[in-house]
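Heads up: the structure comes next, in structure tokens.
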Amino acid sequence: MKFLIALLGILVVFGLAYLVSNGKKKIRYRPLIIMIVLQVILGYALLNTEVGTFLIGGFATVFESLLGYANDGISFVFGGLTTVGADSGGAPFFLSVLMPIVVISALIGILQYIRILPFVIKYIGLVLSKVNGMGKLESYNAVASAVLGQSEVFISVKKQIGLLPKHRLYTLCASAMSTVSMSIVGAYMSMIDPKYVVTALVLNLFGGFIIASIVNPYEVSPEEDILEVQEEEKQSFFEMLGEYILDGFKVAIVVAAMLIGFVALIALVNGIFSAVLGISFQELLGYVFAPFAFIMGVPWKEAIQAGSIMATKMVSNEFVAMLDLTKQTTLSARTTGIVSVFLVSFANFSSIGIIAGAVKGLHEKQGNVVARFGLKLLYGASLVSVLSAIIAGLFL
């Protein structure tokens with residue numbers, strides 16, 4: 001039965017993408033079929049094989065070690081608070097989940113500085129461009145987004161931003177919204193099972209190309225297929241290190257501020273809806289998103305609850321939704337896995353402003369273009385998350 005539901009889910013996702021396609025006759029089906037097959041193979045390998053278990057275990061161990069090292073720095077600065085937190089059942093969320101972002105950001109900076117990351121990103125992107133039928137720039141951007149983040153990635157291709165037509169710019173932005181930054185992967189792993197984080201990272205990479213190929217189909221001519229990666233301004237090692245540490249701290253502070261605001265506002269709105277209608281706002285949204293949860297493979301008896309968490313992610317962000325998911329005790333392991341995969345992306349309303357602002361900072365006219373197709377961007381990125389959850393649900 002779950003295979004029939006998954007097939008139905010894939011058809012629904014493709015149908016919804018087709019409805020808003022700006023070039024239905026230009027859709028190329030061969031790359032789509034190849035990428036769907038690759039998603040299924042990779043989903044099976046990661047979730048149902050010893051090799052996948054080994055790779056995910058290794059990835060998780062690396063991040064677990066990094067979080068342990070990060071805790072040394074956190075304990076030095078906030079020692080009293082972490083000790084009090086440990087005695088009462090756990091350190092404060094800001095210290096245990098968000099502060100390690102500072103250390104991981106610093107490591108990303110080091111890998112950038114010694115030219116390992118640029119090399120890996122560029123050549124993985126070149127390989128992907130042979131599979132997805134898109135340009136080298138689009139493929140590079142998708143891989144770079146998963147490492148650098150949805151706003152920082154545009155700096156690395158700023159030479160080309162002003163030259164891109166609207167359709168190529170959409171694909172770049174869609175890739176950025178469909179992935180997550182490597183600097184906050186550790187934070188996700190401290191909230192949900194690492195295997196779902198890794199699976200989502202891999203599936204979203206291909207899912208972004210699949211949905212973009214339907215919503216925004218085009219071909220890149222050999223003359224246009226150029227990749228110019230902006231070299232970072234030459235800095236000393238410690239200048240770079242200080243910059244990345246501060247950037248990581250800014251991300252942690254921004255996420256903390258967003259969580260305070262969104263969690264409080266959602267509680268307020270829930271209280272108003274409960275008082276007036278006898279049902280909370282999140283429960284109401286759960287009914288709206290329940291059909292999508294069902295086609296992802298969630299049993300109907302759990303679909304409303306799962307739909308509520310999915311909706312929370314879209315109207316706030318993935319951290320708020322993950323916090324909600326960790327509080328659920330009645331969801332089955334399979335449902336928890338499917339919803340976890342759905343949550344690992346930047347597909348939410350606030351990301352529209354983040355991406356448009358990042359592009360506008362580099363090229364004002366193109367930033368305005370991004371703002372105009374912002375809702376379509378969120379629509380496509382949300383379909384990517386649904387597709388990844390469907391594929392994962394096949395093997396849970």
Being part of a loop (DSSP other than H, G, I, E, B) and more than 18 Å from the chain's Cα centre (by Cα): is that true of THR326 here?
no
Among the residues of segment 300-335, the number that are over 20 Å from ASP193 (Cα atoms) and surrounded by fewer than 17 Cβ atoms within 10 Å (Cβ to Cβ) is 2
Subset of segment 10-29 (residues that are among the basic types (Lys, Arg), out of contact with any helix residue (DSSP H, G or I) (no Cβ under 8 Å at 6 or more places or on another chain) and over 13 Å from MET134 (Cβ atoms))
LYS25
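Within segment 288-299, can you find the residues that are in contact (Cβ under 8 Å) with a residue 40 or more places away in the chain and open to solvent by 10 Å² or more (accessible area, probe 1.4 Å)?
Filtering segment 288-299 down to residues in contact (Cβ under 8 Å) with a residue 40 or more places away in the chain leaves 292-298.
Hits for segment 288-299 are PHE292, PHE294, ILE295, GLY297.
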I need the full set of residues from segment 30-42 which are out of contact with any helix residue (DSSP H, G or I) (no Cβ under 9 Å at 6 or more places or on another chain) and β-branched (Val, Ile, Thr), in order please.
ILE33, VAL37, ILE41
So TYR379 fits all but one of (1) under 21 Å from PHE206 (Cα atoms); (2) open to solvent by less than 50 Å² (accessible area, probe 1.4 Å); what number is the exception?
(2)
Pick from segment 39-51 the residues that are surrounded by fewer than 17 Cβ atoms within 10 Å (Cβ to Cβ) and within 27 Å of PRO291 (Cα to Cα): which of them is modelled with the lowest pLDDT?
ASN48
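The values are calculated or read from the model by the stated rules, or taken from the named source; none is laboratory data. Keep in mind it's a predicted model, so treat the numbers as computed, not measured. Note that we place each Cβ from the backbone using ideal geometry, even for glycine, and neighbour counts take in every protein chain shown. The area values use the complete protein model at the heavy-atom level, side chains included, leaving out ligands, DNA and RNA. Shrake-Rupley method; radii C 1.70, N 1.55, O 1.52, S 1.80 Å.
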